[in-house]
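Below is one structure, written out as structure tokens; the observations come after it.
Derivation of every value follows stated rules applied to the coordinates shown; laboratory data play no part. None of these values were measured; they are calculated from a predicted model. Counting neighbours? That spans all protein chains shown, and the Cβs are built from the backbone with ideal geometry, glycine included.
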Amino acid sequence: MVDALATKGILEPFPIQEQTIPMGLNGQDIIGQAKTGTGKTLGFGLPLLQELGLNPEPGVQALVVVPTRELCVQVAEDLTLAASNRATKVVAIYGGKAYEGQVADLKDGAQVVVGTPGRLLDLASQRMLSLKNVKVMVLDEADKMLDLGFLADIEKLFSQTPPTRHTMLFSATMPGPIVALARRFMNKPIHIRATDPNEGLTQANIKHVVYRAHNLDKDEVISRILQAEGRGKTVVFTRTKRAAAKLVEELNDRGFNAAAVHGDLNQEQRERAMAAFKAGKKDILIATDVAARGIDVNDVTHVINHTIPEDHDTYLHRAGRTGRAGKTGIAVTFVDWDDMHKWSLINKALDMGQPEPVETYSSSPHLYTDLDIPAGSKGRLKATSILPKTVEAAGRPPRERRDGDSTTRPPRERREGDRTRTRSRGASGSSPASTGPGNAASTNGPADDAATAGKVEGSGTHDGGAPARRRSRRRRPSSGGSATPPPAA
DNA sequence: AAAAAAG
């Protein structure tokens with residue numbers, strides 16, 4: 001298995017993998033905690049596969065439970081890849097999809113089941129799925145799985161597996177009460193934190209930026225951020241499904257190339273959106289918290305919280321969609337008038353050291369290039385506000401956008417062409433704008449792909465990491481940008 | 001308090 005990974009260019013394990021794999025191989029119950037984007041999936045995946053052996057008998061012997069359908073698909077893909085040189089079959093069991101294929105895979109003797117709770121229980125109650133021979137059970141995003149919304153289902157699933165099973169819980173966040181609760185399902189678990197206890201859980205390679213959002217046209221400011229030089233893929237989080245649906249329409253109307261994923265869409269639409277985003281056919285994903293956890297997409301340089309998350313754990317998971325596998329990223333948060341308290345709680349919990357967001361707005365397309373954001377010392381980040389050096393004369397308050405020329409909306413007659421160009425650019429997969437954090441994001445210069453490519457990282461192998469083809473791009477004017485083209489132009 | 005997760 002390790003050989004198989006090595007042939008795919010995966011050589012050096014992440015710390016969480018270094019620590020959990022030996023313990024997992026010993027059959028020790030594990031609560032594994034590590035920062036976002038540091039390879040937790042294989043942290044449980046490799047010991048899980050090892051425990052089943054090279055040539056396991058047909059039938060379900062390992063169960064991995066995840067909170068969302070998209071994560072289910074992804075984890076199943078990662079495990080399938082890791083198992084590519086063994087006779088172990090992996091099946092994804094989740095809702096919103098036909099039963100037939102999933103049931104057929106089970107009948108075919110799949111040994112590893114990755115699933116969401118509802119469909120797992122559904123199939124179990126229909127006797128299509130038996131958990132009585134499960135040797136290993138994993139809760140991915142474990143704190144979420146033990147949350148009130150899921151706990152009853154999880155208890156049922158546990159109760160259908162043998163008490164002798166090997167149990168592993170993984171997440172970036174593990175609140176104390178959840179750890180206590182988790183022990184009920186585990187046998188003398190060891191709590192592995194692959195992080196310096198003094199360091200906190202924020203990623204040192206993610207920069208945190210915050211706007212006070214009242215009197216701010218968020219759509220407009222987001223549009224500007226989406227034009228940042230060197231921007232790669234971007235995930236925008238909204239609080240509600242409706243807001244996500246509205247925003248994706250607005251941005252696409254402005255000539256951007258966005259897809260949406262949220263629970264009001266059917267599963268086919270959701271999967272199409274995710275696939276397009278992963279492939280780079282869409283470089284913006286508008287999402288509810290369905291995509292806050294676990295989702296691993298290469299070259300996400302920006303996360304934008306259109307609406308502030310409800311708690312600091314959600315903040316951390318959302319922001320963690322960028323800055324993965326050692327790359328740099330930026331997390332931008334808009335704090336509405338009513339959300340100041342939420343922000344202060346998040347800020348305090350994550351120790352980001354910024355008392356309050358600053359009201360500001362920049363008419364400059366160089367939204368980030370004028371920033372001087374201090375890097376967090378010792379992994380502790382300072383949240384920083386965007387403070388344009390000047391508000392240019394040509395700029396006007398964003399609220400007036402609809403009254404006249406838009407600063408970000410491309411001219412009508414060009415928009416069809418823009419879209420085409422954007423698509424072909426994205427499809428190349430190695431365009432300047434999608435090759436990772438550029439000048440906007442980096443203090444470290446270009447993401448050191450070479451240094452991180454070797455890490456045993458879930459999907460780092462899915463695309464071979466085409467080298468960044470850096471084309472010197474036309475500099476946008478730093479002033480008077482009243483007709484700034486969309487990202488593709 | 002919203003979203004997610006069965007249909």
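Loop-resident GluC sites (Glu not before Pro) (DSSP state other than H, G, I, E or B) in the range A:179-261 with no more than 16 further Cβ atoms inside 10 Å of their Cβ: A:199.
For the range A:99-200, trypsin sites (Lys or Arg not before Pro) meeting the loop criterion (DSSP other than H, G, I, E, B) and having at most 14 other Cβ atoms within 10 Å: A:127, A:132. Annotation: peptides A:202-212, A:330-340, ranked by per-residue average of other Cβ atoms within 10 Å with the highest first, follow the order A:202-212, A:330-340.
Stretching residue A:153 away from residue A:337 to a fully extended chain increases their span by 62.5 nm, per 0.36 nm per residue minus the current alpha-carbon distance. In plain terms, the C-alpha convex hull of the range A:1-193 casts an average shadow of 9.9 nm² when viewed from every direction. In a simple Cβ point-charge model (Lys, Arg +1; Asp, Glu -1; nothing else charged), the range A:1-193 has a dipole of about 380 debye relative to its Cα centre.
By its C-alpha gyration tensor, with a ≥ b ≥ c as the square roots of the eigenvalues, how is the range A:199-370 shaped: rounded for a/c under 1.5, else prolate for a/b larger than b/c, else oblate? The shape class here is rounded. Placing pseudo-labels 7 Å out from each Cα toward the beta carbon at residue A:215 and residue A:54 gives an inter-label distance of 7.0 nm. Between residue A:130 and residue A:103, what FRET efficiency comes out of the Förster formula 1/(1 + (r/R0)^6) with R0 = 22 Å and r the beta carbon distance, rounded to 0.05? Here the calculated transfer efficiency is 0.95.
The modelled label-to-label distance between residue A:25 and residue A:85, using points 7 Å beyond Cα along the C-beta direction, is 1.4 nm. Stretched out straight at 0.36 nm per residue, the stretch from residue A:183 to residue A:349 would grow longer than its current Cα-Cα span by 57.3 nm.
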